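Colleague: One structure is given below, represented as structure tokens, and several questions about it will come after.
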């Protein structure tokens, strides 16, 4: 009972969520006493690298700008899943999986689940998986049927396997795209850690008083290797760019560490950050509702506390390196 | 331009989440149900903007029970021309997509819009499923859409940026923040909605490929542990040694 994993490259290498998906695929294939094959899409000199994270073999599709043509891409993956006899298909949960997960479930006539957080329970020919629901207020179990279940794996949810060797690579021929979807341009915000995948996030709200005060937030984020984020009022008033807005209407994130600074913690904001592993709240108002959702709290003037925290992180890093 | 908007009904964000029947079922008692905000704010309003600019019609479709009709009427009050309700209670994205695909496959819509995801399950699965059944292109998380003849120029959110795509219509597109701005229904719209056509049709049989199998509530938070604002070395130590996130 084998598993096919689909991942994409990023700037010649692989992002952590992709390698987590490979590790998950490996663990699942062993649970089902089968092999783990990884289909790599993109440009890289190291297509065999996923072997270090659990791939037994790699299929490599050397291409770019095809991820947006979801019909074309899912056609290729479904065909390889059938050829390999895969009983499960694993993706990393990201902008690519959102385009193809549902397509693959339909074409493989199987159940699917997005944002899966742990290995499934195998129950005869069905699989039971867990995923977050109700903005992190509960976890839902789903029972999936069909010959090849399709799962996307939430980032930061599985332990990465790192003790394997490079895997043998077979290069796939590239089928002609449909031409129905063309990429005109890809605009990346350079020099920043993408918020959606960040392990640590430093987020600030109206307590900052004005946009000119964000230097202390950026300093702390820099020291922590964290992405910066903000609350909705801050984005709406143009203090910070919209892509930094976390919360119900903005981005939902699940970093290991979320530091909320000068954010009161409205329920719509919590809906976007509830899944964070550890939440630290810094606020001068002891009644701020965010403290109820926090693991650690600091009640004080953020303009004093934040630089002090940055200095403490710096000292910690000097001691540990 | 003939546009279809898929609308879903979800519990309001501020509703308390609880379960019944030994945590096997969601407990809807006392819960306020609303139109899924992303369907309402982004998909529906974008469809109306296109109609206002270049003519055509906007049909909303919902797979759900008669109790959801007030939410469908709200979509009509905001400005949709007509509505279709498929009389089923789908318990997954797959079941809902199957019903919608079966209902519209012969209707030749030029553009099918839906919200990026529902606010309860956040699966973002339905659009892709529908596109596969209807053999159409699909673009998730569109934050901008302009029509140029039979093509759409779409900006979609990707990790750390946006991608600009040219997509051949007909296509399925899911809408994210930026695609359109929320509209509040006015009295004229609410009155007009009462006489707009809302047709009801039966569902089609389907396989149970995704079944709910119960819920788990997260362990209650230990409660916040306060750290003195003077002692940030202590906070760093805790984050390193106890929380293990540094």
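Each reported figure results from applying straightforward, stated rules to the coordinates on display, with no laboratory input. Everything numeric in this text was worked out from a predicted model, so none of it was measured. Here the Cβ is made from the backbone with ideal geometry for all residues, glycine too, and neighbour counts use every protein chain on show.
Colleague: Of all DSSP beta bridges located in the protein assembly as shown, what percent are antiparallel, nearest 5? Don't skip to the answer; put the middle values down first.
Modeller: Values: 43 of 121 bridges.
Percentage antiparallel, nearest 5: 35.
Colleague: Starting from a Cα-only point model with no solvent, please compute log10 I(q)/I(0) by Debye for chain A at q = 0.08 1/Å.
Modeller: -0.42
Colleague: Tell me the label-point distance for the pair residue B:110, residue A:123, using the 7 Å Cα-to-Cβ offset, in nm and rounded to one decimal.
Modeller: Label-label distance for residue B:110 and residue A:123, simple model: 4.7 nm.
Colleague: Using the basic label-point model (7 angstrom from Cα toward the beta carbon), what is the residue A:304 to residue B:20 distance in nanometres?
Modeller: For residue A:304 paired with residue B:20, the spin-label model returns 5.2 nm.
Colleague: While we're looking at this one, here's another question. How big is D for the range A:195-320, in µm² s⁻¹ as a whole number, if Stokes-Einstein is applied with the Kirkwood radius of its Cα pairs at 10 °C and 1.306 mPa s?
Modeller: In µm²/s, the coefficient rounds to 112.
Colleague: I need B:35, B:147 ordered by Cβ neighbour count within 10 Å, fewest first.
Modeller: Final ranking by Cβ density, sparse to dense: B:147, B:35.
Colleague: Rounded to the nearest 500 deg cm²/dmol, what is the calculated helix-only ellipticity per residue at 222 nm for chain A, with -39500 (n - 2.57) per DSSP H run of length n ≥ 4?
Modeller: It comes out at -8500 deg cm²/dmol, rounded to the nearest 500.
Colleague: Turning to a different aspect of this structure: Give the angle, between 0 and 90 degrees and rounded to the nearest 10, that separates the Cα long axis of helix A:302-319 from the longest principal axis of the Cα atoms of chain A.
Modeller: It is inclined by approximately 60 degrees.
Colleague: Just want the ordering: A:70, A:249, from fewest to most Cβ atoms lying within 10 Å of their own Cβ.
Modeller: Sorted ascending by nearby Cβ count, the order is A:249, A:70.
Colleague: I want to check the label-to-label distance for residue A:210 and residue A:174. Put each point 7 Å from Cα in the C-beta direction and report it in nm to one decimal.
Modeller: 5.2 nm
Colleague: Over the alpha carbons of the range A:142-245, what is the largest minus smallest coordinate on each principal axis, giving the biggest first in Å?
Modeller: So the extents along the principal axes, rounded to whole Å, are 55, 40, 34.
Colleague: Could you work out how far helix B:45-54 tilts from the main Cα principal axis of chain B, as a 0 to 90 degree angle to the nearest 10?
Modeller: 30 degrees
Colleague: If you don't mind, there's one more thing I want to ask. Tell me the relative contact order for the range A:124-207 as a rounded percent, counting alpha carbon contacts under 8 Å between residues six or more apart. Don't skip to the answer; put the middle values down first.
Modeller: Values: 34 pairs, mean separation 15.2, N = 84.
After rounding, I find 18 percent.
Colleague: Taking 8 Å as the Cα distance limit and 6 or more residues as the minimum spacing, I'd like the relative contact order of chain B as a percentage. Before the final figure, lay out the partial values.
Modeller: On the way: 465 pairs, mean separation 58.8, N = 246.
Normalised by residue count, the contact order of chain B is 24 percent.
Colleague: For chain A, give the share of DSSP beta bridges that are antiparallel, in percent and rounded to the nearest 5; count only bridges with both residues there.
Modeller: Antiparallel bridges make up about 20 percent of those DSSP assigns within chain A.
Colleague: With each run of n ≥ 4 DSSP H residues scored as -39500 (n - 2.57), what mean residue ellipticity at 222 nm is computed for chain B after dividing by its residue count and rounding to the nearest 500 deg cm²/dmol?
Modeller: Helix-only estimate at 222 nm: -7000 deg cm²/dmol.
Colleague: If you don't mind, there's one more thing I want to ask. Assuming 0.692 mPa s and 37 °C, estimate D for the range B:2-213 with Stokes-Einstein, Rh taken as the Kirkwood radius over Cα pairs, in µm²/s. Please list the in-between numbers first.
Modeller: Values: Rh = 17.5 Å.
Approximately 188 µm²/s, per Stokes-Einstein.
Colleague: Same structure again: Measure nothing fancy, just the Cα-based angle from helix B:93-104's long axis to the longest principal axis of chain B, in degrees from 0 to 90, nearest 10.
Modeller: Around 10 degrees separate the two axes.
Colleague: Separate question: Out of the DSSP beta bridges found with both residues in chain B, what percent are antiparallel (nearest 5)?
Modeller: Here the antiparallel bridges make up roughly 40 percent for chain B.
Colleague: How crowded by other chains is A:298-310, given as the mean number of beta carbons from other chains within 10 Å of each beta carbon?
Modeller: Counting Cβ atoms of other protein chains within 10 Å of each residue's Cβ and averaging gives 4.
Colleague: For a footprinting-style exposure proxy, rank B:126, B:76 by other Cβ within 10 Å, fewest first.
Modeller: So the ranking, lowest neighbour count to highest, is B:76, B:126.
Colleague: Taking the mean number of other Cβ atoms within 10 Å as a proxy for protection, how do you rank B:206-212, B:28-34, A:203-209 from highest to lowest?
Modeller: A:203-209, B:206-212, B:28-34
Colleague: Evaluate E = 1/(1 + (r/R0)^6) for residue A:166 and residue A:31, where r is the Cβ-Cβ distance and R0 equals 25 Å; express this FRET efficiency to the nearest 0.05.
Modeller: Details: r = 24 Å, r/R0 = 0.94.
So, using R0 = 25 Å, E works out to roughly 0.60.
Colleague: Residue by residue through B:167-175, how many Cβ atoms from other chains fall within 10 Å of the Cβ on average?
Modeller: Per-residue shielding by partner chains comes out at 2.
Colleague: For a test of the definition: using alpha carbon positions, the gyration tensor, and the 1.5 limit on a/c, classify the range A:2-171 as rounded, prolate or oblate.
Modeller: rounded
Colleague: What does the average come to when, for each residue of peptide B:113-125, you count the partner chain Cβ atoms lying within 10 Å of its Cβ?
Modeller: Counting Cβ atoms of other protein chains within 10 Å of each residue's Cβ and averaging gives 6.
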